[in-house]
Amino acid sequence: MGGSTGLNARPTGLKGRIKGIYREVAKFGAVGGVGVLVNIAVFNLVRHATNLQVVRASIVATVVSIAFNYVGFRYFTYRDREKTGRTKELGLFLFFSAIGLVIENGVLYAVTYGMGWDSSLQSNIAKFAGIGVATLFRFWSYRSWVFKALPARDALEQAESFLTGDSAPETTRRR
């Protein structure tokens, strides 16, 4: 039936899952939106303040935005997700971010060198389009592989151990 059982209970069922996905997409979009602004601003700053070629300037900007986004995703969007294995999480984040970097800058490369469009406006449009394509990949990969949801049983046991004052939940002690 998928309702909630109480005034402050979390909604369950399809309606609850849709609300949860909506919130996740909104938070991902907020962090990502600021990340896009950082990416475009750094890209234009580097492109016009240095003699770097357009794709190299874009790679510098993408790396800066990847660092910004990790902090935003870890401590805002996915702060409720599993926090163990941060080294593995960061490694996966960087791996999938590198693939996103190739996608993003591949679009810019194709437009710049394949089509010969190298004006500032054309580069910014191509950069923005590349970010859009790469964002779809990043959203899927981050939520599927990097910032995994806690399994329901583990989350419940962690909450119970916190309330009872145990130092470690049952599943942690068994491992």
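The values are calculated or read from the model by the stated rules, or taken from the named source; none is laboratory data. All values derive from a computational prediction rather than experimental measurement. Backbone-built Cβ (ideal geometry, glycine too); neighbour counts: all protein chains shown. Remember, those area values only see protein heavy atoms, side chains included, never the ligands or the DNA or RNA. Shrake-Rupley method; radii C 1.70, N 1.55, O 1.52, S 1.80 Å.
Under a point spin-label approximation (7 Å from Cα along Cα-to-Cβ), what is the R23-I125 distance to one decimal in nm?
4.0
Mark the label point 7 Å from the Cα of M115 along Cα→Cβ and return the residues of segment 127-146 whose backbone N is within less than 12 Å of it.
Only 127-130 pass the distance filter.
How much accessible surface area, in Å² rounded to 10, belongs to the heavy atoms of D118 with a 1.4 Å probe?
80
Accessible area of L14, 1.4 Å probe, to the nearest 10 Å²?
130
How much of I59 can a 1.4 Å solvent probe reach, expressed as accessible area in Å² and rounded to 10?
Near enough 60 Å² of accessible area.
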